[in-house]
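**Student:** Here it is, the structure, as structure tokens.
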Ligand code: SF4
């Protein structure tokens, strides 16, 4: 059995480490690029959202490279995500890309017992015991959280760095070393070293950087190719930012914190009181929270064709005026005009900088 999965940010680092630990063969799709998107677009329904097209490209590349089993998360959510698993399988089958499929639906949809059964079937070719598998999964969760903790530090401090790009370099180095580790224990040691390294980057606390919240559709937030490597650009520009939606957050809310999540979803916020698919309700709430936490602005990211985030966008455009929070919405599509996105982001950050200066010094 050779397992594969579509790219979803740094998930490939974690999955390939567990595969090494379990002696299970895995095929990591080539990192996302324009060719992947073009390949996926060719076989996808024209009006489906962008993440689907990238995933088609990922899985075709992996099956070409010898994968015979596809594992991916699924959901019966109100948006198109509910169709992803079945539709992907059908498109790949029709075009001669056959594989065994393991769909990991949310606990609320299939129950914890069925989820565990499906989860276990991913590793059925392993040469290790069930207890060792459980330990590896527990340990990899810590690795994911540790990478995200490192990223949080970078996002929080890059605006104060003497040279913000130092943070970006260290983050890339660290992820590459974690990916190439021979075991989860080695990955943890690498991470410990990088946490120390990051604390030594020279800072200038006299700076008063712009602080923004990144919110929006989950795939656009987690997969750097889908947002044109926006986080790297913000780091280079010396903009501090925070991002709630990460793989660790998704694991917490989908698996371990399911009931807490259900309570959060039911909580009314006065602007969008019901879950309408994706994380649109969270997006609206993050804009409100950004105001209470004194952020300078919010950047909402969504891929072309994303239904829930378009609804959130229309609510936010009125709401942001009411609460006095600046919001920039960026819709990413397969036309990929990086310069166009960058001009808008630079103009938005520039406006926030001037506004901040005006509030502080009156000019
Ligand atoms: S949240 Fe948006 S982009 Fe993601 S699957 Fe749903 S419709 Fe598509």
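The values are calculated or read from the model by the stated rules, or taken from the named source; none is laboratory data. A quick note: this is a predicted structure, and the numbers were derived from the prediction, not measured. Reconstructed Cβ throughout: ideal geometry from the backbone, glycine too, with neighbour counts over all protein chains shown.
**Student:** Whether any residue in segment 299-317 is away from the ligand (no atom under 16 Å from the Cβ), within 20 Å of the chain's Cα centre (by Cα) and not assigned by TED's automatic domain parsing to the domain that holds residue 79 is what I want to check.
**Tutor:** Yes.
**Student:** Do you know which residues across segment 2-26 are assigned to a loop (DSSP other than H, G, I, E, B) and either buried (at least 19 other Cβ atoms within 10 Å of the Cβ) or at pLDDT 95 or above (or both)?
**Tutor:** Of everything in segment 2-26, those that are assigned to a loop (DSSP other than H, G, I, E, B) and either buried (at least 19 other Cβ atoms within 10 Å of the Cβ) or at pLDDT 95 or above (or both) turn out to be 5, 6, 7, 8, 9, 10, 24.
**Student:** Assuming residue 155 fulfils every condition listed in (1) modelled with pLDDT of 95 or more; (2) within 15 Å of the ligand (Cβ to nearest atom); (3) within 30 Å of residue 195 (Cβ to Cβ) apart from one, which condition is it?
**Tutor:** The number of the failed condition is (2).
**Student:** Going by the structure shown, is residue 284 away from the ligand (no atom under 16 Å from the Cβ) and at pLDDT 95 or above?
**Tutor:** No; evaluated as a whole, the condition is false for this residue.
**Student:** Go over the candidates 103, 37, 50, 87 one by one and state the one that is surrounded by fewer than 19 Cβ atoms within 10 Å (Cβ to Cβ), within 15 Å of the ligand (Cβ to nearest atom) and either within 17 Å of residue 3 (Cα to Cα) or under 20 Å from the mean Cα position of the chain (by Cα) (or both).
**Tutor:** Answer to the check: 103.
**Student:** Any residue at all in segment 176-189 that's within 22 Å of residue 244 (Cα to Cα) and crowded, with 16+ Cβ neighbours inside 10 Å?
**Tutor:** The answer is no; no qualifying residue exists.
**Student:** What number of residues within segment 65-88 satisfy the criterion of being outside any loop (DSSP other than H, G, I, E, B) and under 26 Å from residue 335 (Cα atoms)?
**Tutor:** 7
**Student:** Does residue 278 satisfy the condition of being touching a residue at least 60 places away in the same chain (Cβ under 8 Å), surrounded by 15 or more Cβ atoms within 10 Å (Cβ to Cβ), touching a helix residue (DSSP H, G or I) at 6+ places or on another chain (Cβ under 6 Å) and not assigned by TED's automatic domain parsing to the domain that holds residue 55?
**Tutor:** yes
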